[in-house]
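> Sharing a structure here in structure tokens format.
The values are calculated or read from the model by the stated rules, or taken from the named source; none is laboratory data. This is a predicted model, so every value here is computed, not measured. Don't worry about glycine lacking a Cβ; one is built from the backbone with ideal geometry, like all the others, and counts go over all protein chains shown. Side chains are part of the model used for accessible areas, which takes the heavy atoms of the whole protein and leaves out ligands, DNA and RNA. Shrake-Rupley method; radii C 1.70, N 1.55, O 1.52, S 1.80 Å.
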Amino acid sequence: MAKASDVKSGNILRFNGELVSVDEFLHRTPGNLRAFYQAKMRNLKTGKLVEYRFRTDEEVEIARVETNDYQYLYDDGDFFVIMDNDSYEQFNVPKSLFGSSARFLKEGMNVIVAFESEEPIMAQAPTTVELEITYTEPAVKGDTSTNALKNATVETGVEIRVPLFINQGDRVKVDTRTGDYIERVK
């Protein structure tokens, strides 16, 4: 157990039986009242934001979290199978931890996963990925208004919007957080 004064932004706490990530942690000293810590914390499972005031001497439990790079191997139902690059040990990670970026994962990619006592609690895909266009309509000559976009399907099966000059077989860089086209890769 640690004191509230030991907590910093970015720590993972066990708060009311749930794991929370500390987004903001401020020390307040209001006039003639006792000092306290104002915390904004995000529940790792539900994503809900929780605000709480800690007394300066209140005890908190800081969770031991190990974050490491892993290699994504394959899709297995509701889970992704990942492998530790050093020990070659394999783990099942729920797809829900990756959020919407899971649809851009390709076998062999490196991902970041945080474990708390053998249980995966956070997962993060790379912010950008390079994917090949498997299908897109050919551009029509003269159809070149400013910033015109067309639909294209990438090798993971996701449909994205790309500029008209992109053709089938081209490789493009995609932002996994938003699904937006960034640039064509040479």
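> Would you call Glu132 open to solvent by 40 Å² or more (accessible area, probe 1.4 Å) and of a type outside the set (Val, Ile, Thr)?
The answer is yes for Glu132.
> Out of all the residues in the stretch 19-56, which are open to solvent by 60 Å² or more (accessible area, probe 1.4 Å) and among the β-branched types (Val, Ile, Thr)? Let's see the steps before the verdict.
Pass one, the stretch 19-56, residues open to solvent by 60 Å² or more (accessible area, probe 1.4 Å): 23-24, 26-29, 31-34, 40, 42, 45-46, 48-49, 51-53, 55.
Hits for the stretch 19-56 are Thr29, Thr46.
> Of the residues that make up the stretch 9-18, is at least one open to solvent by less than 80 Å² (accessible area, probe 1.4 Å), under 22 Å from the mean Cα position of the chain (by Cα) and at positive phi?
For the stretch 9-18, residues open to solvent by less than 80 Å² (accessible area, probe 1.4 Å), under 22 Å from the mean Cα position of the chain (by Cα) and at positive phi: present.
> Take the stretch 64-121 and flag every residue that is acidic (Asp, Glu) and surrounded by 16 or more Cβ atoms within 10 Å (Cβ to Cβ).
Listed by number, the list holds a single entry, Glu116.
> Test of understanding: among Ala123, Ala139, Ala114, which residue is touching a helix residue (DSSP H, G or I) at 6+ places or on another chain (Cβ under 6 Å) and either more than 30 Å from Met83 (Cα to Cα) or in a strand (DSSP E or B) (or both)? Before you say what the answer is, go through the steps one by one.
Numbers: Ala139 fails: touching a helix residue (DSSP H, G or I) at 6+ places or on another chain (Cβ under 6 Å); Ala114 fails: touching a helix residue (DSSP H, G or I) at 6+ places or on another chain (Cβ under 6 Å).
Being touching a helix residue (DSSP H, G or I) at 6+ places or on another chain (Cβ under 6 Å) and either more than 30 Å from Met83 (Cα to Cα) or in a strand (DSSP E or B) (or both) holds for just one of Ala123, Ala139, Ala114, which is Ala123.
> From the list Val81, Val50, pick out the single residue that is outside any loop (DSSP other than H, G, I, E, B), of a type in the set (Val, Ile, Thr) and over 30 Å from Gly157 (Cα atoms).
When all the criteria are applied, what remains is Val50.
> Where residues in the stretch 90-138 are closer than 23 Å to Val162 by Cα and of a type in the set (S, T, N, Q), which of them is farthest from the chain's Cα centre (by Cα)?
If we take residues in the stretch 90-138 being closer than 23 Å to Val162 by Cα and of a type in the set (S, T, N, Q), then Thr136 is farthest from the chain's Cα centre (by Cα).
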